[in-house]
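Colleague: The structure that follows is given in the form of structure tokens.
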Amino acid sequence: MRLLVVGERGREVAEACAIAAGRGAEVRHRARLAEAIADLREGRGADLLLVDLREDVAGLVKSLANERIWLPVVAYGIDAEPRAAAAAVRAGAKDFLPLPPDPELIAALIASLAGDDREPVSEDPAMRAVLDLARQYAPAEASVLITGESGTGKEVVARFVHRHSRRAAGPFVSVNCAAIPDNLLESELFGHERGAFTGAVARRVGKFEEASGGTLLLDEISEMEPRLQAKLLRAIQEREIDRVGGSKPVKVDIRLIATSNRDLQQEVAKGTFREDLYFRLNVLGLHLPPLRQRPRDIVALARHFAVRFAKLNGLPERPLSEAAIAKLLQHPWRGNVRELENCLHRAVLLARGPTIEPEAIVLAPGAPATPATTPPVPTASLVGRTIAEVERDLILDTLRHTLGNRTHAAAILGISIRTLRNKLKQFAEEGLPVPPPGGEGGMRMEEDETC
């Protein structure tokens, strides 16, 4: 992950940078916002912008939006007051990082934003065959189309192809076409010239140029609107792009990988995806089977995640019991690897004793694990109650279960710690008794400061 840090380089900031670099991040530091924005305009990209909350966070977020630079911003502060941290989040920062740094908090921040550059974990023959084919495809220059259900690991395989390619020393740049609004995606991909639109105060290099010499991943390409599909087709054919507002084409040298969780042939038949673009992308095709069709990977990945999240949370490593493994194998995993990853994170936090037992395997967020022989709770017991009432009781019961540990409660519920804090603030304002915080990691804001 590429981390761009903005602010004065004091001891605490240097320590945080060293921790991030030790966790695999590529760290750059700039003293001023203007220097950081100039870097981004020129194609020296970043995956996360970490900015001192004493800077103009609101102005930075607005400037990035005006220039159509799609980049998450996280504020940091040294011994910061809760009000200042809350103000930075209200100004548009995605999160707040307190300094002096907590190594595990920085690791969690990096893990939440970085792509996985490790080798894919797989023991199932169905997935091993896909990886063998990916390894064969890697040295080629042809475009690759990776398809499969959401959560099957398409970006992980794309990074695998890049690492085994002749472009491995070059950049790997990823763009999520589904996450960026249509009116911003064109500038994100192709860049723009000064004055191309309101807010374009300088030339900005897009992802095609940023990825030159390496690999460009277009994630969920089926979400791209038809007009941009036509421009993308020309870029693939001619190996040149036109910046928004530009007067002459710019040559680029990229290897293109695209992913989709839809059947693109069906999208072509419906007229929502260009047939000529489909054939340009699908020179080399990889289809990832869903997790339910590769059961040996369920066990391999579960063990991998159990070790990973124990280390991340500073907890002892606990092996999965045979009963826990049997429970995992019986689940359909509609959310695929992503669902399994979340499930094991909860299990690591809930486990007690020397092993992870079935009771710690919560297969639905907020729903307690129950033995297969236990009949489900009848829905009639909920009739007559509002959704808000059920949600309130579920949140408060989970918080009591974790003895007030809000980080663990949020993980069990499958929501962010900020969402949990907002809910608890709402309950307190309604006069409900809210358990006091206990054992929450990171910075704890006062209840009236949450965003």
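The values are calculated or read from the model by the stated rules, or taken from the named source; none is laboratory data. No experiment lies behind these values; they were computed from the predicted model shown. Reconstructed Cβ throughout: ideal geometry from the backbone, glycine too, with neighbour counts over all protein chains shown.
Colleague: What is the number of the single condition among (1) surrounded by fewer than 17 Cβ atoms within 10 Å (Cβ to Cβ); (2) of a type in the set (D, E, K, R); (3) at pLDDT 90 or above that residue 167 does not meet?
Modeller: (1)
Colleague: Now for a different question. Tell me the residue from 297, 276 that is assigned to a helix (DSSP H, G or I), among the acidic types (Asp, Glu) and under 26 Å from residue 126 (Cα atoms), please.
Modeller: 297
Colleague: Condition first: more than 29 Å from residue 286 (Cα to Cα) and either touching a Phe, Trp or Tyr at 6+ places or on another chain (Cβ under 6 Å) or surrounded by fewer than 19 Cβ atoms within 10 Å (Cβ to Cβ) (or both). Now tell me which residues in the range 185-199 satisfy that.
Modeller: Across the range 185-199, the qualifying residues are 193, 194, 195, 196, 197, 198, 199.
Colleague: Tell me yes or no: at least one residue of the range 302-319 is part of a loop (DSSP other than H, G, I, E, B) and under 28 Å from residue 194 (Cα atoms).
Modeller: There is no residue in the range 302-319 that is part of a loop (DSSP other than H, G, I, E, B) and under 28 Å from residue 194 (Cα atoms).
Colleague: With the requirement that a residue be surrounded by 15 or more Cβ atoms within 10 Å (Cβ to Cβ) and not hydrophobic (A, V, I, L, M, F, W, C), what does the range 121-149 give you?
Modeller: Result: 122, 123, 124, 128, 137, 143, 147, 148, 149.
Colleague: For the range 11-60, which positions are loosely packed, with under 14 Cβ neighbours inside 10 Å and within 18 Å of residue 88 (Cβ to Cβ)?
Modeller: Hits for the range 11-60 are 32, 56, 59.
Colleague: Is it fair to say residue 433 is outside the structural domain of residue 108 (by TED's automatic domain parsing) and modelled with pLDDT of 75 or more?
Modeller: Judged against the criteria, residue 433 is a match.
Here's the yes/no breakdown for (1) among the small types (Gly, Ala, Ser); (2) touching a strand residue (DSSP E or B) at 6+ places or on another chain (Cβ under 6 Å):
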{"residue": "24", "(1), (2)": "yes, no"}
{"residue": "27", "(1), (2)": "no, yes"}
{"residue": "30", "(1), (2)": "no, yes"}
{"residue": "40", "(1), (2)": "no, no"}
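Colleague: In the range 282-341, how many are at positive phi and buried (at least 19 other Cβ atoms within 10 Å of the Cβ)?
Modeller: Counting residues in the range 282-341 that are at positive phi and buried (at least 19 other Cβ atoms within 10 Å of the Cβ) gives 2.
Colleague: Has the range 65-74 got any residue that is in contact with an Asp or Glu (Cβ under 8 Å, 6 or more places away or on another chain), on the phi > 0 side of the Ramachandran plot and surrounded by 15 or more Cβ atoms within 10 Å (Cβ to Cβ)?
Modeller: Yes: one or more hits.
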